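The values are calculated or read from the model by the stated rules, or taken from the named source; none is laboratory data. Treat the numbers as computed from the prediction; the structure is a model and nothing was measured. For neighbour counting, all protein chains shown are included, and Cβ atoms are generated from backbone atoms with ideal geometry for every residue, glycine included.
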Amino acid sequence: MLLKYFYDQSLAHASYMLGCQSSGEALIIDPSRNITPYLEAAQAAGLQIVAAAETHIHADFVSGSCELAEQVGAMLHLSNAGPTEWKYDIGHLQNINLVTDGDTFHIGNIQLEIIHTPGHTPESISLLVTDHGGGATAPIGIFTGDFVFVGSMGRPDLLETAAGFVGSAKEGARDLFHAAERFKQLPDYLQVWPAHGAGSACGKNLGAIQSTTVGYEKRFNPSLQFDDETSFVQHILADQPETPRYFGHMKRVNQRGARLLRDLHPIRVLQPQEMAAVSQAQPMIDIRPLADFERAHLPGSMNIPLADLGQWAGSLIDYESPLTIIGSTNDLVSSVSILRALGVDLIEYHINAVALEREGLMTEKLMNGTPESVASEIQQGSSWLLDVRSLGEWHHGHAPQAHHHFLGDLKDKLSQLPTKTQIITQCMSGKRSAIAASLLQASGFNVINMTGGFPAWKKSGLTVVRSL
């Protein structure tokens, strides 16, 4: 048996290639939309990708299962569990095997048994792996998807917070408790291979290591220490991170199957003298580092640096509007790959930032302010302080004059912001608040970003209040 690990740092997404070296066949588990790494790895190992499996309908990235089905004829093993409204609806593909609890399928000599593990989503499954090629009669490990992570479990509130299914959070939490009880019955030695690592919004406090074991999680995973359903439900629903704005859209995309990359319109490289082709209402993302954007940028553009694109683009762009990317030619491939992984298919133009600057079109700056100057302006009533950190960070301490709107929700909150008062943005380090400031500036607000973030505010001896 061969097992290869793939990790997309921008989305904290883990996927796997499971291969039977005797038969020369391979299976991809929870594939990302860019399937090139899997094809290259399979070729290097002398394997043919014959199948793909998904642990659930993902909400945070576009699945690559349809790409594998179309490009290499992979059989798709997909969950048939859960209610009708959240079953797969990929009717245009024929090579689909719908599976439910207790079903098995094989990749060469490797058996995969389906365990229905609902809670994170109703249709969620885990894949129990037994390698019969070496004579084993007991399983070696389990692909848990977003069910059990290293040090955490999948959040059960997404159908309610992202898709609007009222009451589904508590129902999902109860399902998750019973799935956890079943997980505890598995052998301690089993390896656990989850679909996400630290930084993912699919759970809280995820560990950063690649894998774990059932025994270790039973002993140290906080969510697996409960024997009482009510206490577990309270624990698992408490302090979950904000739901990214785009999760509902992504869930629907993966339920029906994403468009193939080959069918998307090519991106046109636009010269500065052709700027008239870009509508004033068309969103423009500048992917350069913050320092470059602060110094000079194109009016109307929003800054999401390439390193932060995977975390924030899905929540801050309009999926229905053609997008223009501003940045270096060298960063274009990486930025497009990240955006495509988020389901951003309407990318129309790329404009080289150096060329824009050379033509004198980068005429706008993003202004900064120190905590002391910010406090002075607020005291004089000339500015309005906006804290864009998470709700948990806000509760643990904030400026008494601040107003809270989480960065990921800010695009939907613009109508609630003052239009005749200067807005000052604040976060923990100055990075998220800079993204927020660029969004506000592009939307016509008068805005300044506070440098140093909340720690600088405290270090300056300015007043802090807590909401807890």
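Which residue is surrounded by the fewest Cβ atoms within 10 Å (Cβ to Cβ), if the candidates are limited to region 222-252 and must be among the small types (Gly, Ala, Ser) and modelled with pLDDT of 95 or more? If you could, list the steps in order and put the result at the bottom.
At the first step, the residues of region 222-252 found to be among the small types (Gly, Ala, Ser) are 223, 231, 238, 248.
Remaining after also requiring modelled with pLDDT of 95 or more: 223, 231.
Values: 223: 21, 231: 12.
Selected residue: 231.
Residue 44 is checked against (1) within 24 Å of residue 7 (Cβ to Cβ); (2) without any contact (Cβ under 8 Å) to a residue 24 or more places away in the chain; (3) under 26 Å from the mean Cα position of the chain (by Cα) and fails just one. What number does that condition carry?
(3)
Residue by residue through region 58-81, note down the ones that are among the hydrophobic types (A, V, I, L, M, F, W, C), at pLDDT below 95 and either over 25 Å from the mean Cα position of the chain (by Cα) or surrounded by 24 or more Cβ atoms within 10 Å (Cβ to Cβ) (or both). Walk me through how you get there before you give the answer.
First, pick out the residues of region 58-81 that are among the hydrophobic types (A, V, I, L, M, F, W, C): 59, 61-62, 66, 68-69, 72, 74-76, 78, 81.
Still in the running and at pLDDT below 95: 59, 81.
Result: 59, single match.
Could you please find all residues in region 414-468 being surrounded by 14 or more Cβ atoms within 10 Å (Cβ to Cβ), out of contact with any Leu (no Cβ under 9 Å at 6 or more places or on another chain) and either free of Cβ contacts under 8 Å to residues at least 12 places away in the same chain or in a strand (DSSP E or B) (or both)?
422
Kindly indicate the residue of region 121-151 that is of a type in the set (A, V, I, L, M, F, W, C) and part of a loop (DSSP other than H, G, I, E, B) and also modelled with the lowest pLDDT among those meeting that condition.
Within region 121-151, the first condition is being of a type in the set (A, V, I, L, M, F, W, C), and the residues that meet it are 125, 127-129, 136, 138, 140, 142-143, 147-150.
When the remaining residues are screened for being part of a loop (DSSP other than H, G, I, E, B), the result is 136, 138, 140, 147, 150.
Values: 136: 85, 138: 95, 140: 97, 147: 97, 150: 96.
Result: 136.
Among the listed residues 64, 108, which satisfies the condition of being under 30 Å from residue 336 (Cα atoms) and small (Gly, Ala, Ser)? Walk me through it before giving the result.
Details: 108 fails: under 30 Å from residue 336 (Cα atoms).
The conditions single out 64.
Filter region 103-120 down to the residues that are farther than 22 Å from residue 156 by Cα and either modelled with pLDDT under 95 or not in a strand (DSSP E or B) (or both) and list them by number. First the steps, then the outcome.
To start, the set of residues in region 103-120 that are farther than 22 Å from residue 156 by Cα comprises 103-113.
Passing the criteria: 103, 108, 109.
Of the numbered conditions (1) surrounded by fewer than 24 Cβ atoms within 10 Å (Cβ to Cβ); (2) in contact (Cβ under 8 Å) with a residue 24 or more places away in the chain; (3) more than 22 Å from the chain's Cα centre (by Cα), residue 97 satisfies every one except a single condition; which is it?
Just one mismatch for residue 97, condition (2).
Among the listed residues 315, 335, identify the single one that is more than 16 Å from residue 355 (Cα to Cα), of a type in the set (S, T, N, Q) and in contact with a Leu (Cβ under 7 Å, 6 or more places away or on another chain).
Numbers: 315 fails: in contact with a Leu (Cβ under 7 Å, 6 or more places away or on another chain).
Step by step, each of 315, 335 is checked, and only 335 is more than 16 Å from residue 355 (Cα to Cα), of a type in the set (S, T, N, Q) and in contact with a Leu (Cβ under 7 Å, 6 or more places away or on another chain).
Considering only residues of region 300-320 that are surrounded by 21 or more Cβ atoms within 10 Å (Cβ to Cβ) and within 17 Å of residue 444 (Cβ to Cβ), which is farthest from the chain's Cα centre (by Cα)?
Once the filter is applied, the top-ranked residue is 301.
Restrict the check to region 9-16 and report whether at least one residue is within 17 Å of residue 65 (Cβ to Cβ), crowded, with 18+ Cβ neighbours inside 10 Å and at pLDDT below 95. Write out each step before concluding.
Step one: filter region 9-16 for residues within 17 Å of residue 65 (Cβ to Cβ), giving 11, 13-16.
Still in the running and crowded, with 18+ Cβ neighbours inside 10 Å: 11, 13-16.
In the following step, the residues that additionally are at pLDDT below 95 were identified as 11.
Checked region 9-16: at least one residue is within 17 Å of residue 65 (Cβ to Cβ), crowded, with 18+ Cβ neighbours inside 10 Å and at pLDDT below 95.
Which condition number does residue 219 fail, the rest of (1) farther than 20 Å from residue 13 by Cα; (2) not in a helix (DSSP H, G or I) being met?
Residue 219 satisfies all of (1) farther than 20 Å from residue 13 by Cα; (2) not in a helix (DSSP H, G or I) except (2).
When residue 78 is evaluated against the numbered criteria (1) outside any helix (DSSP H, G or I); (2) farther than 23 Å from residue 343 by Cα, which criterion, by number, is the only one it fails?
(2)
Residues of region 175-193 being over 25 Å from the mean Cα position of the chain (by Cα) and either outside the structural domain of residue 125 (by TED's automatic domain parsing) or of a type in the set (Phe, Trp, Tyr) (or both), which ones? Explain how you work it out, then say what you get.
Taking region 175-193 and keeping what is over 25 Å from the mean Cα position of the chain (by Cα), we get 178, 181-190.
Across region 175-193, the qualifying residues are 183, 189.
Results for (1) part of a loop (DSSP other than H, G, I, E, B); (2) closer than 30 Å to residue 279 by Cβ; (3) in the same structural domain as residue 333 (by TED's automatic domain parsing), shown as yes or no for each residue.
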site	(1), (2), (3)
349	no, yes, yes
354	no, yes, yes
376	no, no, no
385	no, no, no
389	yes, no, no
401	yes, no, no
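Condition test on residue 344, is it in the same structural domain as residue 307 (by TED's automatic domain parsing), surrounded by fewer than 17 Cβ atoms within 10 Å (Cβ to Cβ) and either free of Cβ contacts under 8 Å to residues at least 60 places away in the same chain or among the small types (Gly, Ala, Ser) (or both)? Outline the logic, then answer.
Values: in the same structural domain as residue 307 (by TED's automatic domain parsing): yes; surrounded by fewer than 17 Cβ atoms within 10 Å (Cβ to Cβ): no; either free of Cβ contacts under 8 Å to residues at least 60 places away in the same chain or among the small types (Gly, Ala, Ser) (or both): yes.
So residue 344 fails the test.
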